[in-house]
Amino acid sequence: MMDIRKTLSQSLAIKVILSTVLLSLGVISLVGSALNSRLSDGLRSSAFNSALSESKFTFFDAEYKLAISRDSTTEARKKILADIVVNATTQVVKEARREIIFLKVPANTNKKVSYEMASARIKSSSIPADLRKRVVSGTKIENSYAQAKENSGVSRQVLIVGKKVNIPSGGQYEMYIVFSLENQTATLALIRNSLLFTGFGLIFLIGLITWLVVRQVVRPVRDAARIATQFTMGDFSQRMKIESQDEMATLANSYNEMAQSIEQQITRLENLSRVQQRFVSDVSHELRTPLTTLRMASEVIYNQRTSFDPLVARSSELLAAQIDRFERLLEDLLEVSRFDAEVAVLEPVDFDVVALVQKCVKDFELGDIDTESGIRVLCELGKVNIQADVRRVERIMRNLLSNALDHADGQQVIVTIVATDSDVGIAVRDFGSGLDESSLIRVFDRFWRADPSRARVRGGTGLGLSIALEDARLHNGELDAWGRPGLGAQFVLTLPRKAGESIEGRPIKAAPKDFHEENFYL
């Protein structure tokens, strides 16, 4: 069922054909129903008028024969009634047989002679009680449709016409003429079947015509979708075929012009990107040689700073620090160029991520970090083994810890580790100045800083978080950020526990548990 719904929702041709067929089915049903109703009414009206006219003649003939039999004997009168019944039942009115029934009026108390009789095929009990009541209480001809049961047990639709007649020396009797409606019913069934057959034939033809018309419209659209898919896969040489001069040809021509323009723009951007990547890579490599020389010279000067004037000694310290920063910037630029060139690869190994985080924390605490409370690691499990690139995961953690310490304003930094069967989440939370929602959008941009005027003790390059995000996504993981002004920030790294797999969820949400959105805006 889901596959059928998916096919219907994705196919324009099926939608149009199905809609047209359903609408046509509704229209044909209404028209066929109205036509069948009119034909049925016409046939019934014709049969009714003919039966009523014939009934008047039969009643008149019976009353006349009974009137002239006033001086006849009872047996002769019964013979006359029998002849009336036989004559009526042997005649055919529009190919429909008639049946005659004589019933004594309930108020008739003459018990000496009974003239009740009926045709051989019909039962007297088939006369509806309501019709008998109307015939007995009036003098006019009455009629009614009913289901008459024959002596064989078969029930048929009939029209019954009745009138009260007077039989000499016998009293009041009810005379009924029963007209069979078998032929009319068969004719109506034939008409109904013909209408159904014609309706289904029309629906099939309408569906076929709609399919042929829609196919001419949908085929260029499908070609455009196919070419667009090939465009997304990198094949920019595909173009739509132009085989006519109609609106579809105009669409195809515009599409081909757009495709050519896009191909030219993409080619230009690819060339630009290659030039940029090569420039960054070449510059980074070329700067390594003079940087090494500067590093060696600065170390010589730095080691002799105690013999210098205090001002010169301070300059040697600044020189060594800035060369360290310059070296980190070159390393980051080289890594960025690898990501841009899509040549960065994973070297997964099995390791304990808890031990890795604790090692990174210990390295920071052994340095000259000016923090009052340090870094606290929270993990319910003593060991969490994952398969990943240990070098890249360590770089992510160092970038996150460095960023948190830069903005912690001397407060404690909390690292939380939560693992599931398939994923592991590492959150780094600080309680410093925080980030506003507009900064969260750009926090992973290259060379972007939340506060450009902020003094940096350790000096950042502006590439750390960008490289951390690329490293996380290279593992099929994700790096989420959260922050609020005055409440600090939290960065959450989510990685699959096995290299090559995708994360199934977020063991740690981006917003920390101690933050409540509804209370923040009070």
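Cβ-Cβ distances below 6 Å connect the following pairs, each with a first residue in the stretch 504-516 that is more than 10 Å from residue 427 (Cβ to Cβ), a second residue that is at pLDDT 85 or above and part of a loop (DSSP other than H, G, I, E, B), and a separation of six or more residues or different chains: 504/422.
Checking the stated criteria, residue 98 turns out not to satisfy the condition of being within 60 Å of the chain's Cα centre (by Cα) and basic (Lys, Arg).
Report yes if residue 135 is in contact with a Gly (Cβ under 8 Å, 6 or more places away or on another chain) and surrounded by fewer than 16 Cβ atoms within 10 Å (Cβ to Cβ), otherwise no. In short, no.
If you go through the stretch 279-307 and pick out every residue that is modelled with pLDDT of 75 or more and among the charged types (D, E, K, R), you end up with 3. Taking residues in the stretch 401-426 that are on the phi > 0 side of the Ramachandran plot, and partners anywhere that are among the aromatic types (Phe, Trp, Tyr) and open to solvent by 20 Å² or more (accessible area, probe 1.4 Å), the pairs with Cβ atoms closer than 8 Å and at least 6 places apart or on different chains are 409/431. In the stretch 108-120, the residue that is farthest from the chain's Cα centre (by Cα) out of those that are at pLDDT 70 or above and of a type in the set (D, E, K, R) is 112.
Could you tell me whether residue 47 is modelled with pLDDT of 75 or more, more than 13 Å from residue 162 (Cα to Cα) and open to solvent by 60 Å² or more (accessible area, probe 1.4 Å)? No: the conditions fail for residue 47.
Run residue 342 past the list (1) open to solvent by 90 Å² or more (accessible area, probe 1.4 Å); (2) at pLDDT below 75; (3) in contact with a helix residue (DSSP H, G or I) (Cβ under 8 Å, 6 or more places away or on another chain) and report the number of the one that doesn't hold. Single failed check for residue 342: (3). Residues in the stretch 169-184 that are more than 16 Å from residue 117 (Cα to Cα), surrounded by fewer than 21 Cβ atoms within 10 Å (Cβ to Cβ) and of a type outside the set (Gly, Ala, Ser): 182, 183.
Scan the stretch 115-151 for residues that are touching a residue at least 24 places away in the same chain (Cβ under 8 Å) and small (Gly, Ala, Ser) and the total you get is 7.
Of the residues that sit in the stretch 21-41 and are open to solvent by 40 Å² or more (accessible area, probe 1.4 Å) and not hydrophobic (A, V, I, L, M, F, W, C), which one is nearest to residue 174 (Cα to Cα)? The extreme case among them is 41.
Each row is one residue, and each column tells you yes or no for (1) over 21 Å from residue 379 (Cβ atoms); (2) open to solvent by 20 Å² or more (accessible area, probe 1.4 Å); (3) not small (Gly, Ala, Ser).
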position	(1), (2), (3)
407	yes, yes, yes
411	no, yes, yes
422	no, yes, no
437	yes, yes, yes
440	yes, yes, yes
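With respect to (1) open to solvent by 60 Å² or more (accessible area, probe 1.4 Å); (2) without any contact (Cβ under 8 Å) to a residue 60 or more places away in the chain; (3) closer than 30 Å to residue 28 by Cα, the lone exception for residue 192 is condition (2).
The values are calculated or read from the model by the stated rules, or taken from the named source; none is laboratory data. Computed from a prediction, not measured in an experiment: that's the story for all the values here. Don't worry about glycine lacking a Cβ; one is built from the backbone with ideal geometry, like all the others, and counts go over all protein chains shown. Each accessible area value is taken on the protein alone, full model and side chains, heavy atoms only, with ligands, DNA and RNA left out. Shrake-Rupley method; radii C 1.70, N 1.55, O 1.52, S 1.80 Å.
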